[in-house]
Amino acid sequence: MANQEIARRRTFAIIAHPDAGKTSLTEKLLLFGGQIQVAGAVKSNKIKKTATSDWMDIEKQRGISVTTSVMEFDYHDYKINILDTPGHQDFAEDTYRTLTAVDSVIIVVDGAKGVETQTRKLMEVCRMRNTPVIIFVNKMDREAKDPFDLLDELEEELVINVRPLTWPIESGPRFKGVYNIYEQKLNLFQPSKQVVTEKVEVDIHTEDLDNHIGTPLAEKLRSELELIDGVYPEFNVDDYLKGELAPVFFGSALNNFGVQELLDCFVEIAPSPRPVQAEEREVQPEEPKFTGFVFKITANIDPNHRSCVAFCKVCSGKFTRNMPYLHVRHNKTMRFSSPTQFMAQRKTTVDEAWAGDIIGLPDNGTFKIGDTLTEGELLHFKGLPSFSPEMFKYIENADPMKTKQLNKGIDQLMDEGVAQLFVNQFNGRKIIGTVGQLQFEVIQYRLENEYNAKCRWEPLSLYKACWIESDDPAELEAFKKRKYQYMAKDRDGRDVFLADSGYVLQMAQMDFKHIKFHFTSEF
């Protein structure tokens, strides 16, 4: 029973550049899962302005994802967990953490723009973890690059072998549909957001194909399919599961075209939950005892209750509601009376969850990203770093009457991993460090709208924050004295050196040989 439950789990992240149409793809996948009646525009002639997965007001206003959303649904015999990641590069850290909690990834690529910088960086993370990848080339109903050129670009930029499993017939206004190589069926394109396109079984070597798409296109399709068989290796599921081969699908998510083919193939070939490496040992999903780790914390998912939710990936065994579990970092036992599973902001209480599932646990400040829950074993899951920020500002209270709200807001948002907080040891002022400018705007917006607190930013010119440690206490003390103005503490009380230029950092590394300078907080 347990092994059957685990085998039907599919947990994956969708990653893409913001313009690649990831939101449309997520919506359509949820539509097939029977989770939403409106996908894009099934009931009206206008596309819904915001995605189901974008639940924050700021996401709806700007049309971007600023946080990872977790959604689950049943499809045929499978239980699907989707993690819809932020596409914007300023929120890449949230995406990196999310990739530690999934077993496979779908990368969405714009047919006209090809591979973009953000996608390349995220692919590096997938490669480090050998995560299986499927590529969906979107927006084929608009003018797109030649599909063979796209495949070359995918191989070169993402450093992975590819094998097309569907093949487009033209693009833009001439787009006729795709030929499903995996199922050997022709899918004809009807530009309509209301209809899921019918599949036609066609023997491509007969006149039947000519009748459907015309002789010139039929000839072209036959020669291209012949070329694909000659140039690209046969699709091998084992190579895909090792992360060495990426199957490629073509379609138009907005028009609900090519998405079902992707989903049908995905549930068949994608891995069920995989083993997870802890510092002590490798944890197998089939183990009878429950283990899990917190990879994300979200504040104010329900603004009426000011509630925080810690998202826990179940790594092994079965999680049961109201059972006592050990919080390893605090070394104390906890029970959870209302664990939840999510459909973006909508949530339902669950009684049990199996390896591969993502559950939301109510959090009143007890969890940090990376925390482990077990049935008693002392385990520490690794791979959830915080990166050195690149932009810094002092955060000041703009309304002295709301100091308490501001402090609570900053604490909860930092728990979420939105940004990092440092306290300058020289003047006691709070410094927020982020990867990009947009994060400052999101923090300010959320403090005002979710915590009723106002802040203002003061510029601060710094080059990098690095965590320092040394086996030589005297040298460490000497360094801290000399750099007193530039020393800060992070939220865990660790020493952080705020270098104001690359030259200063280089000199510090040369002058203090026994001090280690770390650019991630996981060391």
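This table checks each residue for (1) in contact (Cβ under 8 Å) with a residue 40 or more places away in the chain; (2) within 29 Å of the chain's Cα centre (by Cα).
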{"residue": "446", "(1), (2)": "yes, yes"}
{"residue": "451", "(1), (2)": "yes, yes"}
{"residue": "460", "(1), (2)": "yes, no"}
{"residue": "471", "(1), (2)": "yes, no"}
{"residue": "497", "(1), (2)": "no, no"}
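Report whether or not residue 250 is farther than 22 Å from residue 3 by Cα, surrounded by 16 or more Cβ atoms within 10 Å (Cβ to Cβ) and touching a residue at least 40 places away in the same chain (Cβ under 8 Å).
yes
Let me confirm something: among 234, 224, which residue is of a type in the set (D, E, K, R) and touching a helix residue (DSSP H, G or I) at 6+ places or on another chain (Cβ under 9 Å)?
Details: 234 fails: touching a helix residue (DSSP H, G or I) at 6+ places or on another chain (Cβ under 9 Å).
Going through 234, 224 in turn, the sole match is 224.
Examine segment 504-523 for a residue that is closer than 24 Å to residue 398 by Cβ, open to solvent by 30 Å² or more (accessible area, probe 1.4 Å), modelled with pLDDT of 90 or more and of a type in the set (D, E, K, R), and state whether such a residue exists.
Step one: filter segment 504-523 for residues closer than 24 Å to residue 398 by Cβ, giving none.
There is no residue in segment 504-523 that is closer than 24 Å to residue 398 by Cβ, open to solvent by 30 Å² or more (accessible area, probe 1.4 Å), modelled with pLDDT of 90 or more and of a type in the set (D, E, K, R).
What residue, of 393, 347, is surrounded by fewer than 21 Cβ atoms within 10 Å (Cβ to Cβ) and either in contact (Cβ under 8 Å) with a residue 24 or more places away in the chain or part of a strand (DSSP E or B) (or both)?
Answer to the check: 347.
What number of residues within segment 116-152 satisfy the criterion of being farther than 17 Å from residue 252 by Cα and among the β-branched types (Val, Ile, Thr)?
5
Give the number of residues within segment 174-188 that are free of Cβ contacts under 8 Å to residues at least 24 places away in the same chain and either farther than 12 Å from residue 202 by Cβ or not charged (D, E, K, R) (or both).
2
Pairs only if they're at least six apart or on different chains, beta carbon under 6 angstrom, first in segment 314-326 and touching a residue at least 60 places away in the same chain (Cβ under 8 Å), second open to solvent by less than 10 Å² (accessible area, probe 1.4 Å) and small (Gly, Ala, Ser); list them, first residue then second.
Here the result reads 315/292, each pair linking segment 314-326 to a residue that is open to solvent by less than 10 Å² (accessible area, probe 1.4 Å) and small (Gly, Ala, Ser).
Which is modelled with pLDDT of 85 or more, farther than 27 Å from residue 407 by Cβ and open to solvent by less than 80 Å² (accessible area, probe 1.4 Å), of 379, 361?
379
Within segment 415-436, is even one residue crowded, with 20+ Cβ neighbours inside 10 Å, more than 24 Å from residue 467 (Cβ to Cβ) and in contact (Cβ under 8 Å) with a residue 40 or more places away in the chain?
no
Could you grab me the full set of residues in segment 126-159 that are open to solvent by less than 20 Å² (accessible area, probe 1.4 Å) and under 22 Å from residue 84 (Cβ atoms)?
126, 131, 132, 133, 134, 135, 136, 137, 138, 140, 154, 158
Return yes when residue 441 is under 26 Å from the mean Cα position of the chain (by Cα), farther than 24 Å from residue 494 by Cα and charged (D, E, K, R) and no when it is not. Break it down stepwise before answering.
Details: under 26 Å from the mean Cα position of the chain (by Cα): yes; farther than 24 Å from residue 494 by Cα: yes; charged (D, E, K, R): yes.
Yes.
Among the strands (runs of 3 or more DSSP E) confined wholly to segment 221-322, which include 1 or more residues that are closer than 17 Å to residue 180 by Cβ and of a type outside the set (Phe, Trp, Tyr)?
Counting at least 1 such residues, we get 245-250.
The values are calculated or read from the model by the stated rules, or taken from the named source; none is laboratory data. What you see is a predicted model; the values in this text were computed from it and never measured. No Cβ is skipped: glycine too gets one built from the backbone with ideal geometry, and neighbour counts run over all protein chains shown. The protein model used for the area step is the full one, side chains on, heavy atoms only, and it has no ligands, DNA or RNA in it. Shrake-Rupley method; radii C 1.70, N 1.55, O 1.52, S 1.80 Å.
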